[in-house]
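See structure below.
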């Protein structure tokens, strides 16, 4: 079963002020570097990175990784919300993969071991959707079967797959993880993570 990873890295960091949160320092490199490192250490066969806001700066960070089965897609409609990035990735993949594993680029604490656990569980159970449940709520990664691709293309605005999860709950696997996942939306979030 071929599972392709999708890293959503097109957002405008609106609550961070003038800083692009993906370019902020984390563990002696950037937040984006950390997320990429974990994804590329996982068992994903390929990784698609969707860029948008400040794509030139983001793509400079990505450039050293491009020899590792990484594809970069520029989403020119990124200001219209996350759904446009999801559609961008699905249109690129079409039916060349049996599933897509989505990650956001502002959660640097997610380890490749959790990504692999999600991949293994998805291959074993082959649900429509699999998501990670954490003490802080629904987390990442989230995997969608090829059967759901057409519905991903219908998403609008800043919504992710929450409505699809509710719709397909009968054939959705919930993978429990006891580690808190924190988005970096504000500078206070950033300080909380680096000081943890």
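A short reminder: the numbers here are calculations on the coordinates, not readings from a lab. Given the structure is predicted, the values throughout are model-derived calculations rather than measurements. Cβ sites come from the backbone with ideal geometry, for glycine too, and all protein chains shown count toward neighbours.
For residue 10, the criteria (1) surrounded by fewer than 20 Cβ atoms within 10 Å (Cβ to Cβ); (2) touching a helix residue (DSSP H, G or I) at 6+ places or on another chain (Cβ under 6 Å); (3) within 27 Å of residue 118 (Cα to Cα) hold in every case but one, which is (1). Would the stretch 173-184 turn up any residue that is part of a loop (DSSP other than H, G, I, E, B), in contact (Cβ under 8 Å) with a residue 24 or more places away in the chain and crowded, with 21+ Cβ neighbours inside 10 Å? Checked against the condition, which is being part of a loop (DSSP other than H, G, I, E, B), in contact (Cβ under 8 Å) with a residue 24 or more places away in the chain and crowded, with 21+ Cβ neighbours inside 10 Å, the stretch 173-184 yields at least one hit. Being under 19 Å from residue 11 (Cβ atoms) and buried (at least 19 other Cβ atoms within 10 Å of the Cβ): is that true of residue 100 here? Considered against the rule, which asks whether it is under 19 Å from residue 11 (Cβ atoms) and buried (at least 19 other Cβ atoms within 10 Å of the Cβ), residue 100 comes out as yes. Touching a strand residue (DSSP E or B) at 6+ places or on another chain (Cβ under 6 Å), farther than 15 Å from residue 82 by Cα and surrounded by fewer than 21 Cβ atoms within 10 Å (Cβ to Cβ): does that describe residue 125? Criteria met by residue 125. Kindly establish whether residue 194 is touching a residue at least 60 places away in the same chain (Cβ under 8 Å) and out of contact with any strand residue (DSSP E or B) (no Cβ under 6 Å at 6 or more places or on another chain). In short, yes.
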